[in-house]
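Here the structure comes first, spelled out in structure tokens, and everything after it is commentary.
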Amino acid sequence: MKTAKFGIGILVGSAALTVGGAAFAQEVAGQATATTTTTTTTTPVAEPAPATQPAPAQTAMTLPGATPDPAADATDHASVVGHFGVGYMGRRSIGIDADAAGNFVTVDAPVIGVRYWLDPMIGIDAGLGVLLSSGSTKTGAVSTDRQGYTVFILHGGVPLALAGGKHYSFQIVPELNLGFSSSKRGGVGDDLSGFHLDVGARAGTEIQFGFIGIPELSLQAGVGLALAYDRVKASPAMGDATTVSRTALSTGVGDNPWNIFTGNIAALYYFN
């Protein structure tokens with residue numbers, strides 16, 4: 001009896017498992033059927049346009065390996081501002097005597113001086129001309145003094161650089177010259193003296209030789225206008241003194257290249 005009940009229990013359990021498995025299979029199949037597949041479509045993004053690069057700056061062509069020189073545009077004149085220039089500033093003559101017709105007899109004392117540029121426009125000139133001479137002539141035991149001279153000429157000016165270019169500057173130079181001279185006329189013994197004063201201005205060009213690599217060297221040339229006063233006096237050992245004076249307003253011009261030796265062209269060298 002117990003064995004029969006046990007067999008019936010097994011059959012009932014197996015049937016229950018079979019029905020449960022079938023129900024579970026149907027539930028899974030229903031879920032699979034009810035599942036909706038969602039497809040996501042991605043729209044491709046366009047690539048950004050390349051950034052526009054600025055056009056390269058235009059520069060002058062240089063040789064390979066060359067280094068740009070920031071001073072390439074500087075003028076020769078600007079390079080000597082704040083420096084002293086030394087040189088020949090023009091011959092200056094002064095009267096020492098007068099002939100029978102009243103014409104002056106002159107002696108020369110070339111003026112050597114300095115120029116200093118305070119700034120690119122204004123400078124200062126200062127110069128001095130000196131002549132000290134003496135001598136004698138001896139014949140046998142007799143010695144005769146030759147005529148000697150003592151001359152001093154002072155020169156001052158204020159050069160103004162008003163315009164120019166790479167290797168030159170146009171200048172106007174107000175200037176003054178003051179001179180004194182003395183001598184003793186040989187064989188007669190007359191005391192001679194002279195005085196000179198002129199005030200005026202020159203206009204011209206100072207050319208510097210930077211185009212051949214020496215901007216420190218310059219030449220000056222120009223024309224001028226000056227009011228001058230000259231006086232000479234001869235005082236004999238006995239008798240009255242004779243004085244000859246002259247006042248003149250005149251122009252000066254350098255019309256020959258060899259005037260570098262006669263007063264209208266001057267040379268300067270600037271020291272760095």
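Things worth noting here:
- Region 83-122 - residue that is of a type in the set (Gly, Ala, Ser) and surrounded by 14 or more Cβ atoms within 10 Å (Cβ to Cβ) and, of those, farthest from Val232 (Cα to Cα): Gly85
- Among strands (runs of 3 or more DSSP E) entirely within region 137-241, having at least 3 residues that are surrounded by 14 or more Cβ atoms within 10 Å (Cβ to Cβ), charged (D, E, K, R) and under 34 Å from the mean Cα position of the chain (by Cα) singles out 191-209.
- Only one of the listed residues (Gly123, Gly148) is in contact with a strand residue (DSSP E or B) (Cβ under 9 Å, 6 or more places away or on another chain) and modelled with pLDDT under 90. That residue is Gly148.
- Scanning region 109-136 for residues that are free of Cβ contacts under 8 Å to residues at least 24 places away in the same chain and in a strand (DSSP E or B) gives Val130, Leu132, Ser133, Ser134, Gly135, Ser136.
The values are calculated or read from the model by the stated rules, or taken from the named source; none is laboratory data. Keep in mind the model is a prediction, meaning the values are calculated, not measured. Every residue, glycine as well, gets a Cβ built from its backbone with ideal geometry; the counts of neighbours run over all protein chains shown.
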